[in-house]
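Novice: The structure's right below; bear with me while I get my questions together.
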Amino acid sequence: MAGKPKKEKQEGITVKKLENFSEWYTQIITKTEFVDYTMVSGGLAFRPDGYYAWEAVQRATDALFKDTGIINVYFPMLIPEKLLNKEKEHVEGFNPEVAWVTHTGDSKLDERLAVRPTSETIMYDSYSKWVRSWRDLPMRFNQWNSVIRWEFKHPTPLLRSREFLWNEGHTVFATREDAEAERDVILRIYELITRDYLAIAGVTGKKTDKEKFAGAEASYSIEHLLPDGLVVQGPAFHFDGQRFAKAFDITFIDKDEERKYVYQNTFAISTRNLGVMIATHGDDKGLVIPPRIARIQIVIIPIYNNENRNSVMAEAEKIRAKLNSKFRVFLDDNDAYSPGWKFNEWELKGVPLRIEIGEKELKSGEVVAVRRDTGDKTRIKLDRLEAGMGELLNEIHNNLYASAKKHLEANTHHAATFDELKRILKERGGIVQAHWCGNVQCEDKVKELTGAKISNMPFDKQGHGSDGKCVYCGNASKYVANFAKSY
């Protein structure tokens with residue numbers, strides 16, 4: 001290849017995913033230039049590929065929200081301490097992780113300001129002024145922002161960052177029935193996003209009272225299982241009932257001319273799901289980014305020498321122009337590196353498809369398309385290039401999701417006794433489904449003795465709880481619960 005250096009240095013991932021997942025994950029998030037560390041502990045810089053992936057999730061989620069009538073707003077990131085203290089259970093749940101602003105310059109503030117850990121308190125102070133009549137309801141607002149939570153000592157990038165990006169949905173209804181009906185609408189949106197964009201599988205269910213959101217009456221989540229056998233909570237929905245309404249005096253005059261408290265919900269999806277995506281799909285070569293959230297979906301690698309460079313490059317540029325209207329395409333025309341070096345570089349970055357074109361392809365009127373997920377090569381005629389690329393990108397997404405679902409199913413086990421539960425968690429890890437009586441003492445003892453908590457109680461297993469006995473105490477069961485160790 002013309003102009004290539006005599007020696008090319010390239011350092012990829014130096015550990016294997018299944019042998020040292022923690023080190024592999026640490027390497028993959030930075031060596032692939034997806035995100036990077038900063039001087040702020042637990043605070044990340046999102047590089048172009050990482051931020052594009054989040055924007056893709058954000059755009060898709062936002063469009064689905066708007067289709068259901070949710071409207072975007074924005075509130076301050078600083079919250080007066082008196083507002084944060086209004087709802088006792090809520091503030092106790094967040095107090096250890098709140099970061100405080102205490103000074104401006106050399107002057108001490110009269111009142112501390114919390115850096116937003118979540119926005120209920122600042123938003124609901126305004127809601128108490130905005131809601132007056134049943135005609136004002138429902139009020140379904142959402143905001144996209146960042147929050148800071150500082151309670152933990154050892155942050156894990158994306159999966160457990162001190163600052164992360166998310167949506168905050170905060171909706172208000174006149175009746176309990178209307179508020180509770182929103183649950184399935186929002187969870188369905190989150191299920192679509194995780195499946196159709198991130199290509200990750202999850203278990204949707206109800207959190208226990210011990211694990212629910214601080215201040216909520218009930219919490220629901222999508223839980224994801226990572227390759228190291230630990231679960232991490234993904235998107236969540238919380239039915240807050242009237243707890244915040246009573247704390248912030250959010251009332252309305254109903255049709256019967258009586259003053260009533262509203263019912264409220266909150267819900268969110270965050271950049272944590274990008275960490276789940278990386279952990280789920282990445283391999284020993286680097287990232288594997290699902291096509292619908294990839295900043296570059298197709299990279300074109302021309303293969304030439306001094307004699308045929310112009311003709312190969314001319315055809316490569318035609319291919320780029322032809323595909324660019326439908327796909328996100330990059331033509332790597334850098335003469336400084338060999339095709340082999342480029343292959344490795346773009347595999348490291350996780351670009352879904354690679355097109356190779358050289359003298360042989362010029363003569364045959366086709367290109368070689370290489371899938372990042374499987375490494376399979378396909379020769380595609382130029383006259384069906386657009387259709388062929390679209391088919392391959394869809395196949396890649398479907399294969400990634402199928403693999404993620406297979407991993408979840410293969411690592412979801414069942415236990416009838418506590419000894420069996422302990423043995424599975426110790427030898428195999430993953431999720432263990434077992435009957436639970438609903439008693440928090442049993443929940444606590446299982447966690448104490450195994451390190452596993454109840455991640456959630458899966459919707460698709462409820463109704464079977466009364467058919468068995470609690471895995472710990474042996475009393476009649478009320479629920480089927482997922483026990484797992486978590487981040």
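Novice: Being loosely packed, with under 15 Cβ neighbours inside 10 Å and under 24 Å from Val276 (Cβ atoms): is that true of Gly430 here?
Specialist: No; evaluated as a whole, the condition is false for this residue.
Novice: OK, next. Just to be sure before I move on: is Ala236 buried (at least 22 other Cβ atoms within 10 Å of the Cβ) and small (Gly, Ala, Ser) in the structure I sent?
Specialist: Spelling it out, Ala236 is indeed buried (at least 22 other Cβ atoms within 10 Å of the Cβ) and small (Gly, Ala, Ser).
Novice: Also, quick follow-up: Go through the range 214-229 and count every residue that is in contact (Cβ under 8 Å) with a residue 40 or more places away in the chain and either part of a loop (DSSP other than H, G, I, E, B) or out of contact with any helix residue (DSSP H, G or I) (no Cβ under 8 Å at 6 or more places or on another chain) (or both).
Specialist: Here the count works out to 9.
The rows are residues; the columns are (1) assigned by TED's automatic domain parsing to the domain that holds Thr30; (2) among the aliphatic types (A, V, I, L, M); (3) surrounded by 19 or more Cβ atoms within 10 Å (Cβ to Cβ); (4) without any contact (Cβ under 8 Å) to a residue 60 or more places away in the chain.
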site: Val276; (1), (2), (3), (4): yes, yes, yes, no
site: Ile289; (1), (2), (3), (4): no, yes, yes, no
site: Ile303; (1), (2), (3), (4): no, yes, yes, no
site: Asn310; (1), (2), (3), (4): no, no, no, yes
site: Met313; (1), (2), (3), (4): no, yes, no, yes
site: Lys322; (1), (2), (3), (4): no, no, no, no
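Novice: Which residues, taken from the range 431-487, are part of a loop (DSSP other than H, G, I, E, B), of a type in the set (Phe, Trp, Tyr) and within 19 Å of Gly234 (Cα to Cα)? Working first, answer last.
Specialist: As a first pass, look at the range 431-487 and keep what is part of a loop (DSSP other than H, G, I, E, B): 437-439, 451-452, 462-464, 468, 470-475, 477-478, 485, 487.
Keeping just the survivors that are of a type in the set (Phe, Trp, Tyr) gives 472, 487.
Across the range 431-487, the qualifying residue is only Tyr487.
Novice: Can you tell me how many residues in the range 364-382 are over 28 Å from Asn398 (Cα atoms) and either within 34 Å of the chain's Cα centre (by Cα) or in a helix (DSSP H, G or I) (or both)?
Specialist: Here the count works out to 1.
Novice: When you check Phe173 against the structure, is it surrounded by fewer than 21 Cβ atoms within 10 Å (Cβ to Cβ), among the hydrophobic types (A, V, I, L, M, F, W, C) and over 17 Å from the mean Cα position of the chain (by Cα), yes or no?
Specialist: Taking the combined requirement at face value, the residue satisfies it.
Novice: Something else now. Can you confirm whether Phe330 is surrounded by fewer than 23 Cβ atoms within 10 Å (Cβ to Cβ) and part of a strand (DSSP E or B)?
Specialist: Spelling it out, Phe330 is indeed surrounded by fewer than 23 Cβ atoms within 10 Å (Cβ to Cβ) and part of a strand (DSSP E or B).
Residues checked against (1) outside any helix (DSSP H, G or I); (2) over 17 Å from Gly286 (Cα atoms); (3) at pLDDT 95 or above:
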| residue | (1), (2), (3) |
| --- | --- |
| Asp335 | yes, yes, no |
| Phe343 | no, no, yes |
| Val351 | yes, no, yes |
| Ala387 | no, yes, yes |
| Lys405 | no, yes, yes |
| His413 | yes, yes, yes |
| Ile424 | no, yes, yes |
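Novice: Right, here's the next one. Out of the range 54-74, which residues are under 22 Å from Ala245 (Cα atoms) and either crowded, with 17+ Cβ neighbours inside 10 Å or of a type in the set (Ser, Thr, Tyr) (or both)?
Specialist: Result: Ile70, Tyr74.
Novice: Residues that are under 26 Å from Gly43 (Cβ atoms), among the β-branched types (Val, Ile, Thr), assigned to a strand (DSSP E or B) and touching a Phe, Trp or Tyr at 6+ places or on another chain (Cβ under 6 Å): does the range 230-237 have at least one? Write out each step before concluding.
Specialist: Initially, the range 230-237 is screened for residues under 26 Å from Gly43 (Cβ atoms), giving 230-236.
Then drop every residue that is not among the β-branched types (Val, Ile, Thr), which leaves 231-232.
Now narrow it down to the ones that are assigned to a strand (DSSP E or B): 231-232.
Next, only the ones that are touching a Phe, Trp or Tyr at 6+ places or on another chain (Cβ under 6 Å) stay: 232.
Checking the range 230-237: at least one residue is under 26 Å from Gly43 (Cβ atoms), among the β-branched types (Val, Ile, Thr), assigned to a strand (DSSP E or B) and touching a Phe, Trp or Tyr at 6+ places or on another chain (Cβ under 6 Å).
For (1) of a type in the set (A, V, I, L, M); (2) farther than 30 Å from Ala476 by Cβ, each residue gets a yes or a no:
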| site | (1), (2) |
| --- | --- |
| Glu356 | no, yes |
| Ser364 | no, yes |
| Arg371 | no, yes |
| Leu382 | yes, yes |
| His397 | no, yes |
| Ser403 | no, yes |
| Glu409 | no, no |
| Asp419 | no, no |
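Novice: Of the residues Glu356, Glu361, Glu315, which single one is part of a helix (DSSP H, G or I), in contact with a helix residue (DSSP H, G or I) (Cβ under 9 Å, 6 or more places away or on another chain), more than 28 Å from Arg162 (Cα to Cα) and modelled with pLDDT of 95 or more?
Specialist: From the options Glu356, Glu361, Glu315, the qualifying one is Glu315.
Novice: So, in the range 241-274, how many residues would count as being within 30 Å of the chain's Cα centre (by Cα), closer than 22 Å to Ala216 by Cα and either among the hydrophobic types (A, V, I, L, M, F, W, C) or not assigned by TED's automatic domain parsing to the domain that holds Val57 (or both)?
Specialist: Matching residues across the range 241-274 total 5.
Novice: Just the residues that are more than 13 Å from the chain's Cα centre (by Cα) and among the hydroxyl-bearing types (Ser, Thr, Tyr), please, taken from the range 188-208.
Specialist: Thr204, Thr208
Novice: Another one. If we only count helices (runs of 4 or more DSSP H) wholly inside the range 59-143, which ones have 3 or more residues that are farther than 30 Å from Lys153 by Cβ?
Specialist: On the way: elements: 81-84, 88-94, 120-130.
The qualifying helices (runs of 4 or more DSSP H) are 120-130.
Novice: If you don't mind, there's one more thing I want to ask. Pairs, please: C-beta under 8 Å, at least 6 apart or cross-chain, first residue closer than 25 Å to Glu395 by Cβ and in the range 171-200, second aliphatic (A, V, I, L, M) and at pLDDT below 95?
Specialist: Once the first residue is closer than 25 Å to Glu395 by Cβ and sits in the range 171-200, no partner that is aliphatic (A, V, I, L, M) and at pLDDT below 95 comes close enough.
Novice: Let me ask you something else. Can you spot a residue in the range 196-212 that is in a helix (DSSP H, G or I) and either at pLDDT 95 or above or under 22 Å from Met123 (Cα atoms) (or both)?
Specialist: yes
Novice: Filter the range 375-393 down to the residues that are of a type outside the set (Lys, Arg) and without any contact (Cβ under 8 Å) to a residue 60 or more places away in the chain and list them by number.
Specialist: Gly375, Asp376, Thr378, Ile380, Asp383, Ala387, Gly388, Glu391, Leu392
The values are calculated or read from the model by the stated rules, or taken from the named source; none is laboratory data. Predicted model, so just to flag it, every value in this text is computed and none were measured. Don't worry about glycine lacking a Cβ; one is built from the backbone with ideal geometry, like all the others, and counts go over all protein chains shown.
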